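One structure is given below, encoded as structure tokens.
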């Protein structure tokens with residue numbers, strides 16, 4: 001398949017072969033895309049570099065997305081190597097472990113600033129520096145989650161960060177739309193990744209998603225990757241400012257009759 005043949009772009013956030021960012025990168029690479037990779041500091045290089053090299057990456061750079069000069073440097077290098085870009089993938093999120101446990105009301109100011117800075121404002125920084133390099137019809141998209149619109153247990157401040165990310169995406173879609181560049185989000189259902197396992201009670205989230213899903217299963221990494229391929233490619237030229245849900249229908253359903261029976265038995269009115 002050569003859907004992305006001749007297309008060039010950069011992915012921020014691949015960290016291992018089990019994450020959503022990798023699932024997207026693999027689909028893009030298999031479809032013919034030329035991908036630049038970034039990694040978050042020296043500690044992550046040993047994980048990311050082999051992945052990037054296996055996909056014949058011409059650009060592999062360290063980038064702390066909270067530091068504007070590092071983001072700028074990535075796009076300057078991409079301009080030298082590729083000239084113009086066709087897609088940018090934002091797959092970066094972080095919150096302090098203690099802020100993903102206990103009560104949301106206990107969130108510290110520093111924890112709030114960290115989560116929103118890394119997970120949401122970084123999209124603004126990336127778009128600002130990507131805009132001059134984007135070809136008309138280009139695509140930028142970020143990864144979000146249902147916790148942006150629902151109070152998901154233990155997701156806490158990350159839910160606020162994802163809500164900010166989605167809102168920022170809509171404003172960015174208007175700004176960049178004047179140049180024919182699309183900006184969207186993918187909201188994947190819970191996927192078992194190294195990052196997600198840091199969320200307290202994540203195993204319960206997986207089980208709840210199965211119970212609520214009309215397809216009675218969790219989404220596969222490959223399926224999220226295919227959604228990324230759709231957004232990065234010319235198949236989605238009419239789609240911008242949108243949150244694309246890839247969650248087996250979890251968002252759209254209250255749950256199965258069996259789940260409702262279980263809930264009813266445990267709730268006193």
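When restricted to Cα atoms, segment 1-146 yields an Rg and a Dmax of 15.6, 50 Å, respectively. Shown for 251, 212: other C-beta atoms within 10 Å of each C-beta, ranked fewest to most, produce the order 251, 212. Per residue of the chain, the DSSP helices (runs of n ≥ 4 H) give a summed -39500 (n - 2.57) that works out to -13000 deg cm²/dmol at 222 nm.
Taking other Cβ atoms within 10 Å as a rough exposure proxy, 55, 4, 101 sort from fewest to most as 101, 55, 4. For segment 68-191, the percent of C-alpha pairs falling in each 10 Å distance bin, counted from 0 to the bin holding the largest distance, reads 14, 41, 29, 14, 2. In percent, rounded to a whole number, the relative contact order of the chain is 19, using alpha-carbon pairs under 8 Å and six or more apart. Distance between the 7 Å Cα→Cβ label points at residue 252 and residue 175: 3.3 nm.
Taking 7 Å steps out from each Cα toward its Cβ at residue 42 and residue 16 produces label points 2.2 nm apart. Of all DSSP-defined beta bridges confined to the chain, some 0% are antiparallel rather than parallel. The residues 171, 37, when put in order of fewest to most other Cβ atoms within 10 Å, stand as 171, 37.
We did not get these values from a lab; they are worked out from the coordinates using the rules stated. As the structure is a prediction and not an experimental result, all values here were calculated from the model. Virtual Cβ from ideal backbone geometry, glycine too; neighbours counted across all protein chains shown.
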